[in-house]
Each structure stands twice: as C-alpha cells, then as structure tokens.
1. Any residue in region 405-434 that is within 21 Å of GLY92 (Cβ to Cβ) and outside any helix (DSSP H, G or I) sitting within a Cβ distance under 6 Å of a residue that is open to solvent by 20 Å² or more (accessible area, probe 1.4 Å) and not hydrophobic (A, V, I, L, M, F, W, C)? List the pairs, counting only those 6 or more apart or interchain.
2. Does GLY99 satisfy being without any contact (Cβ under 8 Å) to a residue 40 or more places away in the chain, surrounded by 24 or more Cβ atoms within 10 Å (Cβ to Cβ) and in a helix (DSSP H, G or I)?
3. For region 356-404, give me the residue count where each residue is open to solvent by 10 Å² or more (accessible area, probe 1.4 Å), of a type in the set (A, V, I, L, M), in contact (Cβ under 8 Å) with a residue 60 or more places away in the chain and not in a helix (DSSP H, G or I).
4. Please go through (1) without any contact (Cβ under 8 Å) to a residue 12 or more places away in the chain; (2) within 24 Å of the chain's Cα centre (by Cα) for SER482 and return the number of the only condition it doesn't satisfy.
5. Return the only residue of LEU309, LEU253, LEU288, LEU248 being in contact (Cβ under 8 Å) with a residue 24 or more places away in the chain, assigned to a helix (DSSP H, G or I) and either among the acidic types (Asp, Glu) or more than 19 Å from VAL412 (Cα to Cα) (or both).
6. I'd like to know if region 283-296 contains one or more residues that are among the basic types (Lys, Arg) and at pLDDT 90 or above.
7. Just for region 434-484: of the residues that are of a type outside the set (Gly, Ala, Ser) and in contact with a Ser or Thr (Cβ under 6 Å, 6 or more places away or on another chain), which one is least open to solvent (accessible area, probe 1.4 Å)?
8. Among the listed residues LEU222, LEU227, LEU253, identify the single one that is farther than 23 Å from ILE432 by Cα, at pLDDT 75 or above and either open to solvent by 20 Å² or more (accessible area, probe 1.4 Å) or touching a Cys at 6+ places or on another chain (Cβ under 6 Å) (or both).
Amino acid sequence: MTPPPSATTAADAQARNSSRRMLAVLIAPLFMALVAVSVINVALPSIQSSLESDSTHLQWVISGYALSFGVLLIPAGRLGDATGRRRLFMIGLSIFTVGSVISALAPSILVLNVARVLQGIGSGLLNPQTIGIMQRTFTGQARAMAFALMGTTVGLSTAIGPVMGGMLIGMLGPDLGWRWIFGMNVPVGILALIGAARWLPCDERPRDARRPDLDPVGTVLLAISVLGVMLPFLERKAHGLALATPVLALGVLGVWVWWERRYSRLGRQPMVRVDIFTQPAFRNGIALITVHFIGITSVWISVALFVQLSLGASALEAGLVGLPASILNAIAAQVAGRHVLRMRRLVVILGFGFAIAGLLGAMAVIPFVNSGAWPLWALSIPLSLLGPAQGCIVSPNQTLTLEQVDARFGGVAGGILQTGQRLGAAMGTALIPGILFQLVETGNSWAVAMNAALALIVALAAIALLIAVLDRRREARISSDSSA
C-alpha cells in the first residue's frame with residue numbers, strides 16, 4: 001500500500017532535518033579546528049611575549065599540532081572504519097576540547113605545546129570520521145553538497161580566524177587575547193559533543209563480530225614514515241639526521257607497502273588496501289591536491305609577512321587582505337558542489353585558472369604596493385581570485401577522488417586524502433617562506449622576494465593543473481569507450 005502524499009512529505013522533511021542536524025554536528029568541530037589553525041599566526045607574537053618563549057619553542061606551537069594531526073589521520077580513519085566512527089569522533093572531539101582548555105590556561109610555553117599536541121591528536125582522530133560518516137551516509141549529489149559544505153566551512157574559518165584573533169588581542173590585550181582564542185573552542189566542543197550523542201548515526205557492529213584486526217605493525221610503519229617526511233619541514237632549525245629523515249621515511253614506506261600486501265595475502269585486514277592506489281581517480285586526486293597544497297598554503301603566510309614586515313601594517317590588516325578571498329571561497333564551494341558531478345574535472349581545471357590568474361595579478365600589483373604608489377587593499381583584488389580557486393578545487397576534488405571508493409573504507413580513504421594535504425602544507429609552509437626570507441636576507445627587496453615566491457607557487461599550480469587535465473582526458477576516454 002502506497003503511503004499518502006502527506007505522510008511521504010512529512011517523512012522527507014524529517015529526513016532532511018536529520019541530515020542537517022548531523023551535518024551541523026560534523027561541521028562544528030571542523031570549523032573550530034580550522035579557526036584554531038588560521039588564527040595562530042596572528043597570535044604568535046602575543047604568545048611569545050606573554051610566556052617569554054624563544055623562537056624554537058614558539059615554532060612548536062604550530063609544529064606540535066601539525067605533526068600529531070598529520071601522523072594520526074590514516075590510522076584514525078582505519079580505526080573508525082573498523083570499530084565505529086561515531087565513538088571515535090566523540091573521543092577525538094573530547095581530546096581536542098580538553099587540549100583547548102589547557103591551552104587557554106597554559107602557564108608556560110611547555111604546557112602550551114603539550115596542549116597543542118593534544119589538540120592535534122583530537123583533530124587527527126575526528127577529521128577522518130567526518131569524511132567517513134559523510135561517505136557512508138550520502139551518495140551522488142547529496143554527498144557532493146555535503147563536501148561542498150565542508151569547503152564553505154574552510155572558507156569561512158579562514159576568513160574569520162585571523163580577523164577574530166586580531167580583534168580579541170586588540171580588545172583584551174596581548175596576554176588575555178590569545179588565551180580566549182583557544183578558550184572560545186570549549187563551548188563549541190561541549191555543544192558538539194551533546195549533538196553527536198543525539199544526532200550522529202550509531203556505530204553498527206554485530207554482537208558476535210570478531211575482535212577487529214587493526215594491523216598494529218602497519219600502523220606503526222606508516223606513522224614512522226609520515227613523521228619522517230613531515231619533521232624536517234616543521235622544525236625550523238632542522239639539520240643533520242633530521243634532514244635525512246625524508247629519505248629514511250621513504251624506505252620505511254616501501255616496507256609498509258610490502259607489509260600491507262603480505263598482510264592481505266595472509267587473509268588479514270590490512271590497515272590500508274594498497275590496491276586503492278590502482279584506482280586512477282583516487283591516485284590522481286591525491287597527487288593533485290598534494291601538489292596544490294605545497295603552493296597554496298604558503299600564499300597567505302607570505303602575504304602576512306610582506307604586509308607586516310615590509311609595509312609595517314598590523315596583524316589585523318594582514319588578516320583583512322585575505323578576507324574577500326575567504327568569503328568568495330565559501331560561496332564558490334557551494335556553487336561548485338552543485339555542478340561537480342556534471343562538469344567533473346572541468347570544475348577543478350577552472351579553479352586552477354582562477355588561481356594562476358590571481359597569483360599573476362598579485363605579482364603585477366606587489367611592486368606598486370611595496371613602493372607606496374598603490375594602497376594595501378589593491379593587493380586584495382587579484383588575491384580575491386584565490387577564493388573561487390579554492391572553492392572549485394578542494395571540495396570538488398574530494399568528491400571526485402572518493403567517488404568510487406567503497407563506503408566501508410571511507411574513513412581511511414579520507415585520511416589518506418587529508419594526509420596528502422597535510423604533507424603538502426608542511427612542505428610548502430617551510431620551503432616557500434624560507435625562500436622568501438633567504439632572498440630578503442641576501443639584499444633583494446621584498447617585492448622581488450615576494451614575486452619569486454609567487455612564481456614558484458604558479459609553477460606548482462601549473463603542475464597540479466596538468467594532473468587535472470590528464471585526469472579529465474582519462475574520464476573522456478572512458479566516456480567515449482562506454483558510449484561506443
């Protein structure tokens with residue numbers, strides 16, 4: 001018997017409300033964690049003076065978070081897939097919230113760095129569960145729009161973070177202001193925990209299920225390799241053995257691949273089914289986003305350094321330069337989410353067009369701004385194109401990369417994707433500002449140094465664009481073969 005139209009309409013409305021509540025619970029911690037990342041550069045000078053720390057300890061306010069976050073992403077995705085994503089999401093959120101409390105109350109730089117590691121652990125645990133739950137719950141256009149909402153969240157958090165940080169420090173002073181930057185996460189975390197308990201789908205595992213196989217050897221090997229790749233890029237004074245760790249890490253990664261294949265042949269459940277990398281869309285999407293993040297994540301750090309150190313502007317003014325781009329990012333992510341399944345890689349290709357145009361425009365404007373001939377806000381005009389660029393690249397690439405991945409392994413696949421982003425960000429934020437400082441210290445003007453850094457970012461964007469074009473051609477061949 002077919003239910004009456006009114007009953008069907010009511011059921012659809014209830015399902016939509018349930019999906020909205022679930023997405024709100026998943027997105028709130030993501031927003032909170034991203035604000036904590038985007039705001040920290042504004043807060044570093046205040047933290048340094050308040051806690052009387054040197055630059056090495058201050059570096060680990062960023063690096064401790066980045067390392068613990070990046071190392072855990074893939075293992076946490078596997079753990080969530082095997083034991084339950086809701087449970088692990090709530091554990092990660094609780095750890096992040098506790099880390100925020102300790103950060104806000106930290107009496108010394110050592111305590112703050114320990115608290116930041118806790119925040120990174122919490123973020124590393126909960127982020128893959130967010131993607132895994134979305135991957136499992138939504139399909140088709142609904143999944144594309146869920147990932148688009150993530151993209152909008154990234155844009156808004158990037159916009160709000162530096163501005164909010166500058167305002168808090170300006171209103172409350174350098175000592176209290178940075179503490180509230182961490183403290184404002186606490187009520188959001190508590191509300192998100194309550195919402196997760198009520199609205200996230202329960203973890204479903206049969207009562208007679210065997211103990212999950214978590215592949216501890218594979219987990220340790222991969223953690224060592226990720227740590228080895230990231231460490232020298234996050235340690236400002238890395239030297240000696242630290243500089244050799246990426247080479248050693250690649251060797252450990254080779255052992256990990258061998259172990260995972262052997263583990264699978266023995267009939268066990270490996271941490272990662274390495275044959276996932278034989279899927280061209282997944283492999284190309286990981287490569288594309290890693291290269292993209294090497295360049296794009298250093299843009300705003302370089303701009304902040306240029307605005308403050310060369311032009312003498314405030315941290316708040318440096319944050320406002322990127323505000324138009326962040327707002328456009330949030331809008332573009334929604335528009336791209338509606339069209340990505342129809343236009344596919346063309347959306348990503350369009351995004352790289354925006355990125356390259358914006359970077360070249362900024363290179364043309366910087367000499368005039370640096371000389372004082374043009375005002376600071378003139379730099380915002382070309383850089384605003386990086387907003388639609390990010391909106392068209394990040395979330396659409398995520399949708400297309402994970403499209404063919406079995407939803408049962410959505411957590412670990414999402415962890416791999418985010419690890420690529422974290423590795424790219426770690427490399428880029430170390431290399432490109434390093435080149436910037438090196439050029440300035442050897443007698444070049446800030447305008448010359450900035451344009452050299454941006455030229456390198458343009459080259460990286462062109463490489464990522466080439467990967468997108470090649471993947472688009474692969475899609476076209478498959479479409480042509482299937483219609484023949």
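The values are calculated or read from the model by the stated rules, or taken from the named source; none is laboratory data. Just so we're clear, the structure is a prediction, and the values are computed from it rather than from any experiment. Reconstructed Cβ throughout: ideal geometry from the backbone, glycine too, with neighbour counts over all protein chains shown. With ligands, DNA and RNA removed, areas are computed over all heavy atoms of the protein, side chains included. Shrake-Rupley method; radii C 1.70, N 1.55, O 1.52, S 1.80 Å.
1. none
2. Numbers: without any contact (Cβ under 8 Å) to a residue 40 or more places away in the chain: yes; surrounded by 24 or more Cβ atoms within 10 Å (Cβ to Cβ): yes; in a helix (DSSP H, G or I): yes.
In short, yes.
3. Number of matching residues: 1.
4. With (1) without any contact (Cβ under 8 Å) to a residue 12 or more places away in the chain; (2) within 24 Å of the chain's Cα centre (by Cα) applied to SER482, the lone miss is (2).
5. When all the criteria are applied, what remains is LEU309.
6. Let us first name the residues in region 283-296 that are among the basic types (Lys, Arg), namely 283.
Now restrict to residues that are at pLDDT 90 or above: 283.
Yes - at least one qualifying residue is present in region 283-296.
7. The selected residue is LEU436.
8. Residue meeting the stated conditions: LEU253.
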